[in-house]
Amino acid sequence: MRVLVTGGAGYLGSHTLLELLGQGHEALVVDDFRNASPVALERVRALSNGGAFGVERLDIRDAPRLVEAARAFRPEAAIHFAGLKSVGESGARALDYWDVNVGGTVALLRALEEAGCGLVIFSSSATVYGEPAEPRPFREDDPVRPANVYGRTKAAAEAVLRDWAAAAPGRAALLLRYFNPVGAHASGRIGEDPRGVPENLMPFLAQVATGRRAALRIWGSDYPTPDGTGVRDYIHVEDLAEAHVAALARARHLAGAGGGAEAFNLGTGKGTSVLEMLRAFEAVVGRPLPHEMAPRRSGDVAEMRADCSRAAADLGWRARRDLRAMVESLWRWQSANPDGYGTDG
Ligand code: NAD
Ligand code: UD1
(Lines give C-alpha, C1' and ligand atoms only; values in the text may rest on other atoms or scores of the structure.)
(Ligands and ions follow the chains in the order given, each with its own letter.)
Protein backbone atom coordinates (compact mmCIF):
# COMPACT_ATOMS: atom_id res chain seq x y z
CA MET A 1 0.00 0.00 0.00
CA ARG A 2 0.99 3.65 -0.34
CA VAL A 3 1.13 4.94 3.24
CA LEU A 4 1.47 8.54 4.38
CA VAL A 5 3.37 8.51 7.70
CA THR A 6 3.14 11.71 9.75
CA GLY A 7 5.89 11.96 12.36
CA GLY A 8 7.76 9.24 10.50
CA ALA A 9 11.18 10.56 11.56
CA GLY A 10 10.39 10.18 15.28
CA TYR A 11 10.99 7.28 17.63
CA LEU A 12 7.96 5.13 16.88
CA GLY A 13 7.55 6.46 13.32
CA SER A 14 11.08 5.52 12.19
CA HIS A 15 10.75 1.94 13.47
CA THR A 16 7.33 1.56 11.85
CA LEU A 17 8.60 3.05 8.58
CA LEU A 18 11.36 0.44 8.47
CA GLU A 19 8.84 -2.34 9.11
CA LEU A 20 6.51 -0.99 6.41
CA LEU A 21 9.31 -0.92 3.85
CA GLY A 22 10.36 -4.42 4.85
CA GLN A 23 6.80 -5.61 4.17
CA GLY A 24 6.84 -4.08 0.69
CA HIS A 25 4.81 -0.92 1.38
CA GLU A 26 5.63 2.49 -0.09
CA ALA A 27 5.70 5.51 2.20
CA LEU A 28 5.74 9.28 2.32
CA VAL A 29 7.08 10.72 5.58
CA VAL A 30 5.65 14.07 6.63
CA ASP A 31 7.58 15.58 9.53
CA ASP A 32 8.75 19.04 10.53
CA PHE A 33 11.67 17.54 12.52
CA ARG A 34 10.82 19.52 15.63
CA ASN A 35 11.58 16.42 17.70
CA ALA A 36 13.56 14.27 15.31
CA SER A 37 16.74 14.16 13.28
CA PRO A 38 17.04 13.63 9.52
CA VAL A 39 19.81 11.15 10.41
CA ALA A 40 17.11 8.72 11.59
CA LEU A 41 15.68 8.65 8.07
CA GLU A 42 19.13 8.26 6.49
CA ARG A 43 19.61 5.21 8.67
CA VAL A 44 16.17 3.81 7.79
CA ARG A 45 17.14 4.31 4.14
CA ALA A 46 20.36 2.35 4.64
CA LEU A 47 18.72 -0.42 6.72
CA SER A 48 16.02 -0.88 4.08
CA ASN A 49 18.54 -0.98 1.21
CA GLY A 50 17.41 2.29 -0.28
CA GLY A 51 13.75 1.80 0.70
CA ALA A 52 10.85 3.27 -1.24
CA PHE A 53 9.97 6.38 0.70
CA GLY A 54 9.85 10.12 0.16
CA VAL A 55 10.11 12.90 2.75
CA GLU A 56 8.20 16.19 3.05
CA ARG A 57 9.47 18.59 5.67
CA LEU A 58 6.35 20.40 6.83
CA ASP A 59 4.11 21.12 9.80
CA ILE A 60 0.93 19.06 9.46
CA ARG A 61 -1.05 22.22 10.31
CA ASP A 62 0.24 23.86 7.12
CA ALA A 63 -2.94 22.90 5.25
CA PRO A 64 -2.05 24.00 1.68
CA ARG A 65 1.29 22.18 1.69
CA LEU A 66 -0.14 19.08 3.33
CA VAL A 67 -2.95 18.91 0.76
CA GLU A 68 -0.44 19.34 -2.06
CA ALA A 69 1.77 16.55 -0.68
CA ALA A 70 -1.20 14.22 -0.16
CA ARG A 71 -2.62 14.88 -3.62
CA ALA A 72 0.73 14.16 -5.26
CA PHE A 73 1.34 10.95 -3.28
CA ARG A 74 -2.26 9.62 -3.38
CA PRO A 75 -2.00 7.58 -0.15
CA GLU A 76 -4.22 4.55 0.38
CA ALA A 77 -3.75 4.89 4.15
CA ALA A 78 -2.18 7.20 6.71
CA ILE A 79 -0.40 6.39 9.95
CA HIS A 80 -0.57 9.45 12.17
CA PHE A 81 2.31 9.67 14.67
CA ALA A 82 2.98 13.42 14.54
CA GLY A 83 2.18 15.05 17.84
CA LEU A 84 3.43 16.44 21.12
CA LYS A 85 3.86 13.74 23.75
CA SER A 86 5.13 14.99 27.08
CA VAL A 87 2.63 14.71 29.92
CA GLY A 88 4.96 16.86 32.03
CA GLU A 89 5.02 19.87 29.70
CA SER A 90 1.43 19.54 28.43
CA GLY A 91 -0.08 21.49 31.34
CA ALA A 92 2.01 24.60 30.76
CA ARG A 93 1.75 24.35 26.94
CA ALA A 94 -1.92 23.38 26.85
CA LEU A 95 -2.86 25.32 23.71
CA ASP A 96 0.15 24.01 21.78
CA TYR A 97 -0.92 20.48 22.68
CA TRP A 98 -4.52 21.10 21.55
CA ASP A 99 -3.36 22.83 18.40
CA VAL A 100 -0.89 20.16 17.26
CA ASN A 101 -2.60 17.01 18.56
CA VAL A 102 -6.20 17.90 17.75
CA GLY A 103 -5.88 20.72 15.16
CA GLY A 104 -3.14 18.73 13.41
CA THR A 105 -5.40 15.67 13.25
CA VAL A 106 -8.23 17.73 11.72
CA ALA A 107 -5.80 19.19 9.16
CA LEU A 108 -4.60 15.70 8.26
CA LEU A 109 -8.14 14.38 7.81
CA ARG A 110 -9.03 17.30 5.53
CA ALA A 111 -5.96 16.64 3.39
CA LEU A 112 -6.81 12.93 3.21
CA GLU A 113 -10.33 13.83 2.09
CA GLU A 114 -8.83 15.92 -0.72
CA ALA A 115 -6.63 12.98 -1.70
CA GLY A 116 -9.46 10.44 -1.52
CA CYS A 117 -7.91 8.42 1.32
CA GLY A 118 -10.20 6.83 3.91
CA LEU A 119 -7.94 4.68 6.13
CA VAL A 120 -6.21 6.12 9.20
CA ILE A 121 -4.14 4.48 11.95
CA PHE A 122 -3.79 6.81 14.93
CA SER A 123 -1.19 6.94 17.75
CA SER A 124 -3.28 7.12 20.88
CA SER A 125 -2.11 6.34 24.38
CA ALA A 126 -2.99 4.33 27.46
CA THR A 127 -3.08 7.74 29.14
CA VAL A 128 -6.64 8.16 27.81
CA TYR A 129 -7.84 5.73 30.52
CA GLY A 130 -6.54 7.79 33.46
CA GLU A 131 -6.62 6.13 36.90
CA PRO A 132 -7.65 2.47 36.89
CA ALA A 133 -11.01 1.99 38.66
CA GLU A 134 -10.18 -1.64 39.51
CA PRO A 135 -6.87 -3.51 39.85
CA ARG A 136 -7.03 -5.27 36.46
CA PRO A 137 -5.71 -4.69 32.95
CA PHE A 138 -7.49 -2.01 30.92
CA ARG A 139 -9.95 -3.09 28.24
CA GLU A 140 -10.85 -0.96 25.27
CA ASP A 141 -14.42 -0.46 26.47
CA ASP A 142 -13.26 0.95 29.82
CA PRO A 143 -14.21 4.59 30.30
CA VAL A 144 -11.97 7.23 28.78
CA ARG A 145 -11.21 9.79 31.48
CA PRO A 146 -7.74 11.23 31.02
CA ALA A 147 -6.16 13.02 33.96
CA ASN A 148 -3.82 15.42 32.15
CA VAL A 149 -3.79 17.80 29.17
CA TYR A 150 -1.82 15.42 26.93
CA GLY A 151 -4.31 12.62 27.61
CA ARG A 152 -7.28 14.91 26.97
CA THR A 153 -5.88 15.92 23.58
CA LYS A 154 -5.43 12.23 22.66
CA ALA A 155 -8.99 11.45 23.77
CA ALA A 156 -10.28 14.42 21.75
CA ALA A 157 -8.35 13.33 18.66
CA GLU A 158 -9.90 9.87 19.05
CA ALA A 159 -13.35 11.52 19.09
CA VAL A 160 -12.52 13.52 15.96
CA LEU A 161 -11.47 10.32 14.20
CA ARG A 162 -14.62 8.48 15.27
CA ASP A 163 -16.78 11.32 13.93
CA TRP A 164 -14.79 11.49 10.69
CA ALA A 165 -15.15 7.73 10.17
CA ALA A 166 -18.90 7.89 10.81
CA ALA A 167 -19.43 10.81 8.43
CA ALA A 168 -19.11 8.75 5.22
CA PRO A 169 -19.25 5.05 4.41
CA GLY A 170 -16.02 3.19 3.75
CA ARG A 171 -13.84 5.19 6.14
CA ALA A 172 -11.89 3.34 8.82
CA ALA A 173 -10.01 4.73 11.83
CA LEU A 174 -7.93 2.51 14.09
CA LEU A 175 -7.12 4.07 17.45
CA LEU A 176 -4.02 2.36 18.80
CA ARG A 177 -3.56 2.87 22.53
CA TYR A 178 0.12 2.29 23.26
CA PHE A 179 1.16 1.32 26.75
CA ASN A 180 4.91 1.89 27.36
CA PRO A 181 6.90 1.51 24.13
CA VAL A 182 10.62 0.90 24.77
CA GLY A 183 13.74 -0.56 23.19
CA ALA A 184 15.25 -0.08 19.76
CA HIS A 185 15.68 -1.78 16.43
CA ALA A 186 17.82 -4.96 16.66
CA SER A 187 20.52 -3.33 14.50
CA GLY A 188 21.21 -0.68 17.15
CA ARG A 189 21.15 1.92 14.34
CA ILE A 190 17.83 3.59 15.19
CA GLY A 191 16.30 4.21 18.61
CA GLU A 192 14.80 6.78 20.95
CA ASP A 193 16.69 10.07 21.10
CA PRO A 194 14.98 12.36 23.60
CA ARG A 195 15.99 15.99 23.80
CA GLY A 196 17.12 17.30 27.18
CA VAL A 197 16.69 15.29 30.37
CA PRO A 198 14.51 12.24 29.69
CA GLU A 199 11.22 12.08 31.59
CA ASN A 200 10.64 8.40 30.94
CA LEU A 201 12.24 5.51 32.77
CA MET A 202 14.00 3.65 29.96
CA PRO A 203 15.84 6.49 28.23
CA PHE A 204 16.83 7.83 31.65
CA LEU A 205 18.19 4.44 32.76
CA ALA A 206 20.08 4.11 29.49
CA GLN A 207 21.74 7.47 30.11
CA VAL A 208 22.64 6.45 33.68
CA ALA A 209 24.31 3.37 32.18
CA THR A 210 26.44 5.49 29.81
CA GLY A 211 27.38 7.85 32.64
CA ARG A 212 25.54 10.84 31.17
CA ARG A 213 23.20 10.97 34.23
CA ALA A 214 24.43 10.38 37.76
CA ALA A 215 21.69 8.16 39.21
CA LEU A 216 18.17 6.94 38.60
CA ARG A 217 15.60 8.33 40.97
CA ILE A 218 12.86 5.80 41.63
CA TRP A 219 9.65 7.78 41.95
CA GLY A 220 7.85 6.06 44.81
CA SER A 221 8.54 2.86 46.73
CA ASP A 222 5.30 2.75 48.73
CA TYR A 223 2.84 1.76 46.00
CA PRO A 224 0.53 -1.21 46.60
CA THR A 225 2.63 -3.36 44.24
CA PRO A 226 4.76 -6.44 45.10
CA ASP A 227 7.98 -4.42 45.62
CA GLY A 228 6.41 -0.99 46.22
CA THR A 229 7.54 0.56 42.91
CA GLY A 230 5.33 1.44 39.94
CA VAL A 231 4.31 -1.33 37.54
CA ARG A 232 3.94 -0.75 33.79
CA ASP A 233 3.27 -2.75 30.64
CA TYR A 234 6.39 -2.23 28.53
CA ILE A 235 6.21 -3.15 24.84
CA HIS A 236 9.13 -3.57 22.44
CA VAL A 237 9.13 -0.89 19.72
CA GLU A 238 9.56 -3.57 17.03
CA ASP A 239 6.41 -5.35 18.25
CA LEU A 240 4.64 -2.01 18.14
CA ALA A 241 5.86 -1.43 14.57
CA GLU A 242 4.52 -4.83 13.52
CA ALA A 243 1.15 -3.99 15.07
CA HIS A 244 0.85 -0.99 12.72
CA VAL A 245 1.32 -3.17 9.67
CA ALA A 246 -1.34 -5.55 11.00
CA ALA A 247 -3.57 -2.52 11.61
CA LEU A 248 -3.36 -1.51 7.95
CA ALA A 249 -4.88 -4.83 6.92
CA ARG A 250 -7.56 -4.49 9.60
CA ALA A 251 -8.42 -0.95 8.45
CA ARG A 252 -8.84 -2.13 4.89
CA HIS A 253 -11.08 -4.97 6.05
CA LEU A 254 -13.14 -2.63 8.23
CA ALA A 255 -13.59 -0.14 5.38
CA GLY A 256 -14.72 -2.97 3.10
CA ALA A 257 -17.33 -3.94 5.70
CA GLY A 258 -18.80 -0.42 5.72
CA GLY A 259 -16.21 1.40 7.86
CA GLY A 260 -16.09 2.78 11.38
CA ALA A 261 -13.64 3.26 14.22
CA GLU A 262 -12.03 0.71 16.52
CA ALA A 263 -9.69 1.11 19.50
CA PHE A 264 -6.92 -1.38 20.31
CA ASN A 265 -4.65 -1.67 23.33
CA LEU A 266 -1.04 -2.39 22.41
CA GLY A 267 1.01 -3.89 25.20
CA THR A 268 2.15 -7.31 26.36
CA GLY A 269 -0.30 -7.74 29.23
CA LYS A 270 2.67 -8.28 31.59
CA GLY A 271 3.58 -5.87 34.36
CA THR A 272 7.16 -4.93 35.25
CA SER A 273 8.11 -2.81 38.26
CA VAL A 274 10.75 -0.08 38.24
CA LEU A 275 13.02 -2.25 40.40
CA GLU A 276 12.57 -5.25 38.10
CA MET A 277 13.46 -3.07 35.14
CA LEU A 278 16.53 -1.73 36.93
CA ARG A 279 17.68 -5.32 37.69
CA ALA A 280 17.05 -6.38 34.07
CA PHE A 281 19.13 -3.44 32.87
CA GLU A 282 21.95 -4.19 35.31
CA ALA A 283 22.01 -7.81 34.10
CA VAL A 284 22.46 -6.70 30.49
CA VAL A 285 25.02 -3.98 31.26
CA GLY A 286 26.87 -6.32 33.64
CA ARG A 287 27.23 -3.93 36.59
CA PRO A 288 25.13 -2.20 39.24
CA LEU A 289 23.59 1.12 38.25
CA PRO A 290 23.39 3.98 40.75
CA HIS A 291 19.86 4.68 41.98
CA GLU A 292 18.00 6.17 44.91
CA MET A 293 14.47 6.10 46.23
CA ALA A 294 12.50 9.34 45.86
CA PRO A 295 8.92 10.49 46.57
CA ARG A 296 6.10 9.62 44.17
CA ARG A 297 5.86 11.67 40.97
CA SER A 298 2.63 13.61 40.81
CA GLY A 299 0.11 12.13 38.36
CA ASP A 300 1.62 8.61 38.46
CA VAL A 301 -0.48 5.53 39.19
CA ALA A 302 0.59 2.29 40.89
CA GLU A 303 0.00 -0.04 37.99
CA MET A 304 -1.06 0.04 34.34
CA ARG A 305 -1.44 -3.03 32.18
CA ALA A 306 -3.21 -3.77 28.92
CA ASP A 307 -5.71 -6.47 28.17
CA CYS A 308 -4.52 -7.26 24.63
CA SER A 309 -7.12 -9.86 23.70
CA ARG A 310 -8.89 -7.62 21.18
CA ALA A 311 -5.64 -7.00 19.26
CA ALA A 312 -4.94 -10.74 19.24
CA ALA A 313 -8.44 -11.55 17.95
CA ASP A 314 -8.96 -8.74 15.42
CA LEU A 315 -5.46 -7.72 14.34
CA GLY A 316 -4.02 -11.23 14.55
CA TRP A 317 -1.13 -9.63 16.40
CA ARG A 318 0.54 -10.17 19.71
CA ALA A 319 3.80 -8.92 21.20
CA ARG A 320 6.56 -11.51 20.77
CA ARG A 321 9.62 -9.91 22.37
CA ASP A 322 10.41 -10.18 26.09
CA LEU A 323 11.88 -7.80 28.63
CA ARG A 324 15.42 -8.97 27.95
CA ALA A 325 15.04 -8.19 24.24
CA MET A 326 13.72 -4.72 25.14
CA VAL A 327 16.68 -3.95 27.40
CA GLU A 328 19.33 -5.53 25.16
CA SER A 329 18.16 -3.61 22.10
CA LEU A 330 18.02 -0.36 24.03
CA TRP A 331 21.53 -0.93 25.34
CA ARG A 332 22.87 -1.81 21.88
CA TRP A 333 21.46 1.49 20.54
CA GLN A 334 22.53 3.61 23.51
CA SER A 335 26.07 2.24 23.82
CA ALA A 336 26.70 2.64 20.08
CA ASN A 337 25.06 6.11 20.00
CA PRO A 338 25.64 7.70 23.43
CA ASP A 339 24.54 11.08 22.06
CA GLY A 340 21.66 9.68 20.02
CA TYR A 341 21.71 11.04 16.48
CA GLY A 342 24.08 13.75 17.62
CA THR A 343 21.48 16.51 17.62
CA ASP A 344 21.38 17.00 21.38
CA GLY A 345 24.26 19.19 22.50
P1 NAD B 1 8.43 11.57 18.65
O2 NAD B 1 8.41 12.93 19.21
O3 NAD B 1 9.72 10.83 18.58
O4 NAD B 1 7.75 11.56 17.20
C5 NAD B 1 6.79 12.50 16.80
C6 NAD B 1 7.23 13.07 15.47
O7 NAD B 1 6.26 14.01 15.02
C8 NAD B 1 8.57 13.79 15.54
O9 NAD B 1 9.39 13.33 14.50
C10 NAD B 1 8.20 15.26 15.38
O11 NAD B 1 9.23 16.01 14.74
C12 NAD B 1 6.94 15.17 14.56
N13 NAD B 1 6.01 16.30 14.72
C14 NAD B 1 5.53 16.79 15.89
N15 NAD B 1 4.67 17.80 15.63
C16 NAD B 1 4.61 17.93 14.29
C17 NAD B 1 3.89 18.79 13.40
N18 NAD B 1 3.08 19.74 13.88
N19 NAD B 1 4.05 18.63 12.07
C20 NAD B 1 4.88 17.68 11.58
N21 NAD B 1 5.59 16.85 12.36
C22 NAD B 1 5.46 16.97 13.70
O23 NAD B 1 7.36 10.70 19.48
P24 NAD B 1 7.06 9.14 19.47
O25 NAD B 1 7.52 8.58 20.77
O26 NAD B 1 7.57 8.54 18.22
O27 NAD B 1 5.49 9.17 19.49
C28 NAD B 1 4.74 9.13 18.29
C29 NAD B 1 3.26 9.26 18.63
O30 NAD B 1 2.88 8.23 19.52
C31 NAD B 1 2.89 10.58 19.31
O32 NAD B 1 1.65 11.02 18.79
C33 NAD B 1 2.77 10.20 20.76
O34 NAD B 1 1.87 11.04 21.44
C35 NAD B 1 2.24 8.78 20.67
N36 NAD B 1 2.58 7.96 21.84
C37 NAD B 1 3.89 7.78 22.17
C38 NAD B 1 4.22 7.02 23.29
C39 NAD B 1 5.66 6.80 23.68
O40 NAD B 1 5.90 6.31 24.76
N41 NAD B 1 6.65 7.10 22.84
C42 NAD B 1 3.21 6.45 24.08
C43 NAD B 1 1.88 6.64 23.70
C44 NAD B 1 1.58 7.40 22.57
C1 UD1 C 1 4.43 8.19 30.70
C2 UD1 C 1 3.25 9.06 30.45
C3 UD1 C 1 2.36 8.40 29.43
C4 UD1 C 1 3.11 8.07 28.17
C5 UD1 C 1 4.33 7.21 28.54
C6 UD1 C 1 5.18 6.98 27.34
C7 UD1 C 1 2.92 10.15 32.63
C8 UD1 C 1 2.03 10.31 33.81
N9 UD1 C 1 2.54 9.27 31.69
O10 UD1 C 1 3.98 6.99 31.26
O11 UD1 C 1 1.32 9.28 29.10
O12 UD1 C 1 2.29 7.39 27.27
O13 UD1 C 1 5.10 7.91 29.50
O14 UD1 C 1 6.08 5.95 27.57
O15 UD1 C 1 3.95 10.80 32.51
N16 UD1 C 1 10.10 6.31 36.81
C17 UD1 C 1 11.05 6.44 37.80
N18 UD1 C 1 12.11 7.29 37.58
C19 UD1 C 1 12.26 8.00 36.42
C20 UD1 C 1 11.27 7.86 35.42
C21 UD1 C 1 10.19 7.02 35.64
O22 UD1 C 1 10.95 5.81 38.85
O23 UD1 C 1 13.22 8.75 36.29
C24 UD1 C 1 8.97 5.38 37.03
C25 UD1 C 1 7.61 6.03 36.99
O26 UD1 C 1 7.23 6.50 38.26
C27 UD1 C 1 6.72 4.86 36.49
C28 UD1 C 1 7.67 4.07 35.58
O29 UD1 C 1 8.99 4.44 35.97
O30 UD1 C 1 6.36 4.04 37.56
C31 UD1 C 1 7.47 4.38 34.10
O32 UD1 C 1 7.54 5.80 33.93
P33 UD1 C 1 7.57 6.47 32.48
O34 UD1 C 1 8.59 5.79 31.64
O35 UD1 C 1 7.71 7.94 32.68
O36 UD1 C 1 6.17 6.11 31.87
P37 UD1 C 1 4.70 6.35 32.45
O38 UD1 C 1 4.71 7.28 33.58
O39 UD1 C 1 4.07 5.03 32.64
**Request:** Using the Karplus curve 6.51 cos²θ - 1.76 cosθ + 1.60 with θ = phi - 60°, work out ³J(HN,Hα) for each residue of region 247-258 in order, rounded to whole Hz, and write x for Gly and Pro.
**Result:** 5, 4, 5, 5, 5, 5, 4, 4, 4, x, 8, x
**Request:** Binning at 20 Å from 0, report for the chain what percent of all alpha-carbon pair distances ends up in each bin.
**Result:** 32, 61, 8
**Message:** At a threshold of 8 angstrom on Cα-Cα distance, excluding pairs fewer than six apart, so keeping six or more, what relative contact order does region 82-238 reach in percent?
**Reply:** 22
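In square angstrom, what is the accessible area per residue of region 290-336 with a 1.4 angstrom probe?
Details: 2670 Å² over 47 residues.
On a per-residue basis, 57 Å².
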**Prompt:** So between ASP300 and HIS253, what do we pick up on full extension, going 0.36 nm a residue minus the alpha carbon distance?
**Reply:** 13.2 nm
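Would you kindly work out the equivalent ellipsoid of region 210-337 from its C-alpha gyration tensor and give its semi-axes, the square roots of five times the eigenvalues, largest first in whole Å?
33, 19, 11
Restricting the count to DSSP beta bridges whose residues both fall in the chain, what percent are antiparallel, rounded to a multiple of 5?
Working: 2 of 42 bridges.
Within the chain, antiparallel bridges account for around 5 percent of the total.
Roll a 1.4 angstrom probe over the protein heavy atoms and tell me the percent of accessible area of region 217-305 that is carbon or sulfur. Show your work: numbers first, answer last.
Values: 1890 of 3710 Å².
Using a 1.4 Å probe with all protein chains present, region 217-305 comes out at 51 percent carbon and sulfur.
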**Prompt:** To the nearest 10 degrees, how steeply does helix 201-210 sit against the main Cα axis of the chain, on a 0 to 90 scale?
**Reply:** 60
**Request:** Working from Cα positions, state the angle (0 to 90°, nearest 10) between the long axis of helix 104-115 and the longest principal axis of the chain.
**Result:** 30
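When only C-alpha pairs under 8 Å and at least 6 residues apart count, what is the relative contact order of region 187-345, in percent?
Values: 217 pairs, mean separation 61.9, N = 159.
So the answer I get is 39 percent.
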**Item:** Portion, in percent, of the accessible area of region 134-208 that falls on carbon or sulfur, probe 1.4 Å
**Value:** 52
**Item:** Distant-in-sequence amide H partners of ILE190 (H built 1.01 Å from N, under 5 Å)
**Value:** HIS185
**Asked** Taking amide hydrogens as modeled 1.01 Å from N in the peptide plane, which residues meet the under 5 Å criterion relative to GLY130, leaving out close sequence neighbours?
**Response** ARG145, ALA147
**Message:** At 1.4 Å probe size, put HIS291, HIS185, HIS236 in order of accessible surface, largest to smallest.
**Reply:** HIS291, HIS185, HIS236
**Fill in**
The answer for ILE235, listing residues at least 5 apart or on another chain whose modeled amide H is closer than 5 Å to its amide H, is ASN180, VAL182
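Charges at C-beta only: +1 for Lys and Arg, -1 for Asp and Glu. How large is the resulting dipole of the chain about its Cα centre, in Debye rounded to 20? Don't skip to the answer; put the middle values down first.
Numbers: 40 positive and 43 negative charges, 55 e Å.
Using only the charged Cβ atoms, the result is roughly 260 debye.
Express as a percent, rounded to the nearest 5, the fraction of DSSP beta bridges in region 159-304 (both residues included) that run antiparallel.
Working: 2 of 17 bridges.
Looking only at bridges with both residues in region 159-304, the antiparallel portion is about 10 percent.
What is the extension gain from SER335 to ARG34, computed as 0.36 nm multiplied by their sequence separation minus the C-alpha to C-alpha distance, in nm to one decimal? Show your work: numbers first, answer last.
Details: separation 301, 0.36 × 301 = 108.36 nm, distance 2.45 nm.
So the chain would gain 105.9 nm between SER335 and ARG34.
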**Fill in**
Counting only protein heavy atoms and rolling a 1.4 Å probe, one gets per residue an accessible area for region 1-112 in Å² of 40
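Would you work out what percent of the accessible area of region 83-127, with all protein chains in place, is carbon or sulfur (probe 1.4 Å)?
Working: 930 of 1760 Å².
Its accessible area is 53 percent carbon and sulfur atoms.
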**Message:** Given a 1.4 angstrom probe, what's the average accessible area per residue across region 123-212, in square angstrom?
**Reply:** 38
**Prompt:** Normalised by the residues of the chain, what does the relative contact order come to in percent, with Cα pairs under 8 Å and at least six apart?
**Reply:** 19
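The values are calculated or read from the model by the stated rules, or taken from the named source; none is laboratory data. Note that the structure is a prediction, hence the values are computed from the model and not measured. Reconstructed Cβ throughout: ideal geometry from the backbone, glycine too, with neighbour counts over all protein chains shown. Only protein heavy atoms, including side chains, enter the accessible area calculation; ligands, DNA and RNA are left aside. Shrake-Rupley method; radii C 1.70, N 1.55, O 1.52, S 1.80 Å.
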